[in-house]
Structures are given as structure tokens and as C-alpha cells.
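Read the structure below first, then the notes.
The values are calculated or read from the model by the stated rules, or taken from the named source; none is laboratory data. Small disclaimer: the values here were computed from a predicted structure and weren't measured. As a convention, Cβ positions derive from the backbone with ideal geometry for all residues, glycine included, and neighbour counts pool all protein chains shown.
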Amino acid sequence: MNKQIFASELMARVWKLARFLIIVGLSFILLYPILYMISMSVRSADQVADPSVIWIPKTYTLENFVSAVKYMEYDTSFHTSMTVSLTSSILCLISCSLAGYGLARFKFRGKEVWFTFVIMTLIVPAQAVTIPMYLQYQNFSIPIISPIMNIVFETPMPDWLTVNLIDTWFVFWLPAMFGCGIRAGLYIYIFRQFFRSIPHELEEAAQVDGAGYFKTFYRIMVPNAGSAYLTVFIFSLVWYWNDTFYTNVFLSGKSTMAKALSGLGERIKAGIGVNEYRSSPIKLAGCLLFIIPLMIMYIFLQNYFVESVEKTGIVG
């Protein structure tokens, strides 16, 4: 009996040790890039090629961050990224929640077909629709007026009724406003799944009290969907923040954080004239400056984010 107890205790301790080692190993793999960036960004250029310096620099310096802020034009890029990301994410929350609520609660002909189209938008590459989108934004007109001019009056849209939206915020705001932003299909899916899990009795009670569909949505559904809104907001903000494809195509005249970081090496080479190897501390400092806003946001919202992911049914 004592041998069985000893064996069970030994197996329990071995399992705890193995679990501890697995967690430490996975944590190191995940934290290694960040630790490496911190180590490289606070050392001088002459310590990059020093074999005696591995993790802890001999001397610390903040010149790399100063140079990264200068060559990234950090204040302008940060303002542009925040304007695009924050506004587009808020618009995505409104439009995608309405679309998800409609697909979850209302019955209409072809609902499953429309939902299939929404999911299919996730597998369509952005490159496939870039040219039509660029031409549409370059000669943007009100969708209702253009068919009237072409069909009724048999004349093309006059120049004074068209506007060029390239290099303006509206190339991101308009798709987000109508539920067509970056990864909008995923956000509609998240809202649809969440709203389907809310009991119908809440809606019925609101309708008995005289509330219409829209009032029921913003008085009953929205307060109960805080976890879904938080999940979609974080996902949307991160994707807009990291985007380089759409910003390079539609915002060629404006610098975002992602664009500034991708072109940091060329700017350093043109400004200082150092080689790729010696400029690595500045580029890694730029990487830290790029992810710091997202890290701060996640630090404050991590508990709510983990809870919201579990409630929206993304995992499992």
C-alpha cells in the first residue's frame, strides 16, 4: 500500500515537473523575440559584432530609440495609424454587429446563402479585388446617382459628381462603415454566434414592453454583448494597425506605423549610411516602438480579452 502511495506521489511530482518545463519552454519560445529586441535595441552599434555580448549589453543607450523615432517619423505615423485603426475599428463594431444580429435573429429568404457569402469573403485574397477597388475609389460617385445617369439620361457621370478618395481616410472608413473592412467576415461571424446564444425570452420581454427591433438591439443585445464587442475591437485594431498592403495601395501619400517600419532600413541607410548589420539595433528599436501601443492595450485588457474569447466561442 505504501509503495502504491509512493508511486502515485512520485508520478504526480514528475508530471508537475514536466508540466513546469513545458510551460517554461513555451514561454521562452514566445518571449524570445521580445527579449532579443530589448537586448539589441539598448546596445550600441559596436557591441553588435562583439562576441562577448550575448544577452546583457556592457553599456546601455537610448540612441537607437531616438534614431528610430526620427527615421520612422513616429509622431506623424502614430497619428495616422491611430486615426485609421481606431476609427475603422469603431465603424466595424457598429456595422458588423448589426449584420451579425440580423443573421442571428431574423428569418428571411436566402439567409444561409448570404451568410455563406460572408464567410467566403475570408478566403478571397485582397489582391483579387485591389484593382476594382482602386478604380472605384479613384472615381468615386454616389451609387444611386450613377445608374440613373447611365440608364435614364444615357450619359456618363459628370466629373463634378465624382471624387478621388485615394490618399484619404475614406478608403478605410467607407468599407468599415458598411461591414466590408479588413476581416469583416470574421467579425460578423463572431457577432452572429454570440447573438444566437442569447435567450429569445429577452427579446420577447422587450417586445411585450413595446420595444421595436432597433430599441431591442441597443437596449438589450448591446449591453449583453460586451465580450463580443471587446473581442472584435481588439482583433480589428490589431489587423488595421499591422496592415501594409491596403495602406501601400490606397495611402501612398501617408505614412503609417507599419509602412514606416517596413521602410526603416532604407531610411537608415540613406540617412546614416551604415550597413544592414550595424543598423539592426535601430530597426529592432523601431519594432519595439511599433508593438508597444498594442502591448500596453493588451496588458490592460488581457483579463477581459481572455474572458471574451471564451464567451464568444472562438476556442474549442
Which of the residues spanning the stretch 214-240 are more than 30 Å from V84 (Cβ to Cβ) and either touching a His at 6+ places or on another chain (Cβ under 8 Å) or without any contact (Cβ under 8 Å) to a residue 12 or more places away in the chain (or both)?
K215
Looking at F108, F170, F117, which one is closer than 28 Å to R192 by Cα, at pLDDT 85 or above and surrounded by fewer than 13 Cβ atoms within 10 Å (Cβ to Cβ)?
F117
Restricting the stretch 53-92 to residues that are part of a loop (DSSP other than H, G, I, E, B) and hydroxyl-bearing (S, T, Y), the residue that is farthest from I268 (Cα to Cα):
T59
Any residue at all in the stretch 2-15 that is touching a Leu at 6+ places or on another chain (Cβ under 8 Å) and either assigned to a helix (DSSP H, G or I) or not β-branched (V, I, T) (or both)?
no
Hey, among the residues in the stretch 225-249 that are at pLDDT 85 or above and exposed (fewer than 15 other Cβ atoms within 10 Å of the Cβ), which one's nearest to L294 (Cα to Cα)?
T244
Anything in the stretch 43-69 that is in contact (Cβ under 8 Å) with a residue 24 or more places away in the chain and not aromatic (F, W, Y)? List them, or say none.
R43, S44, A45, V48, A49, N64, S67, A68, V69
Please go through the stretch 279-316 and give me each residue that is modelled with pLDDT under 70, surrounded by 13 or more Cβ atoms within 10 Å (Cβ to Cβ) and not in a helix (DSSP H, G or I), ordered by number.
G313, I314
Of a type in the set (G, A, S) and surrounded by fewer than 10 Cβ atoms within 10 Å (Cβ to Cβ): which single residue out of A49, A68, A18 fits that description?
A49
Any hit, the stretch 33-56, residues being under 17 Å from L289 (Cβ atoms), of a type outside the set (D, E, K, R) and in contact with a Cys (Cβ under 7 Å, 6 or more places away or on another chain):
yes
In the stretch 16-44, how many are in contact with a Phe, Trp or Tyr (Cβ under 9 Å, 6 or more places away or on another chain), assigned to a helix (DSSP H, G or I) and aliphatic (A, V, I, L, M)?
1
Residue check, E73 touching a residue at least 24 places away in the same chain (Cβ under 8 Å), touching a Ser or Thr at 6+ places or on another chain (Cβ under 8 Å) and acidic (D, E):
yes
State all residues of the stretch 173-210 that are buried (at least 16 other Cβ atoms within 10 Å of the Cβ), assigned to a helix (DSSP H, G or I) and at pLDDT below 85; if no residue qualifies, say none.
E203, A206
Does I34 meet the test of being at pLDDT 80 or above, exposed (fewer than 15 other Cβ atoms within 10 Å of the Cβ), of a type in the set (A, V, I, L, M) and closer than 30 Å to Y229 by Cβ?
yes
Of all residues in the stretch 53-85 being under 11 Å from I282 (Cβ atoms) and hydrophobic (A, V, I, L, M, F, W, C), the one that is nearest to the chain's Cα centre (by Cα)
M72
